[in-house]
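In what follows, a single structure is set out as structure tokens and then discussed.
The values are calculated or read from the model by the stated rules, or taken from the named source; none is laboratory data. All values reported here derive from a predicted model rather than from experimental measurement. Note: ideal-geometry Cβ built from the backbone for every residue, glycine included; neighbour counts use all protein chains shown.
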Amino acid sequence: MTTPTTTRILPVITASAAATGALVGGTVAAVRSTIAVKEGKISKGEAAKSVATESAGTGLATAAGVAATGVLGLGGLAGLVGFTLVATGAKMLWDKAVPNALDRKQPTPIEEAG
């Protein structure tokens, strides 16, 4: 249930959550990308693109989860479950739509020889 107060503050809360989600997602992607570059699996350019796309995807997914639970007025365990379901679904859709160099399957030595 949305109230006048919710209507006023929900956009601010959603934007803040999106920024936090983007920061966390970008940090995780930066760590994964740095390791992949050092191992020679991806280039520095692919690493930068990976960090940007993961940051955007996690930010948008977080915003979607917060907005959905806020609009529906969910709190407590229902809010946590609702946020998790919406954010996970949004991130899955993002990952299918926007390819990421870190998620490419790397050929194994057996596959390369065959």
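Per-structure values
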item: Any hit, region 70-83, residues being in contact with a Gly (Cβ under 7 Å, 6 or more places away or on another chain), at pLDDT 95 or above, under 30 Å from Thr6 (Cβ atoms) and small (Gly, Ala, Ser); result: no
item: Members of region 59-99 found to be more than 13 Å from the chain's Cα centre (by Cα) and of a type in the set (S, T, N, Q), listed by number; result: Thr69
item: When residues of region 2-45 are limited to those that are part of a helix (DSSP H, G or I) and touching a Leu at 6+ places or on another chain (Cβ under 9 Å), the one farthest from Ala63 (Cα to Cα); result: Ala36
item: From Ala97, Ala87, Ala78, residue being surrounded by 17 or more Cβ atoms within 10 Å (Cβ to Cβ) and not basic (Lys, Arg); result: Ala87
item: Any chance Val71 is part of a helix (DSSP H, G or I), more than 26 Å from Val98 (Cα to Cα) and touching a residue at least 60 places away in the same chain (Cβ under 8 Å); result: yes
item: Qualifying positions in region 12-54 - within 20 Å of Phe83 (Cα to Cα), over 16 Å from the mean Cα position of the chain (by Cα) and surrounded by 12 or more Cβ atoms within 10 Å (Cβ to Cβ); result: Ile13
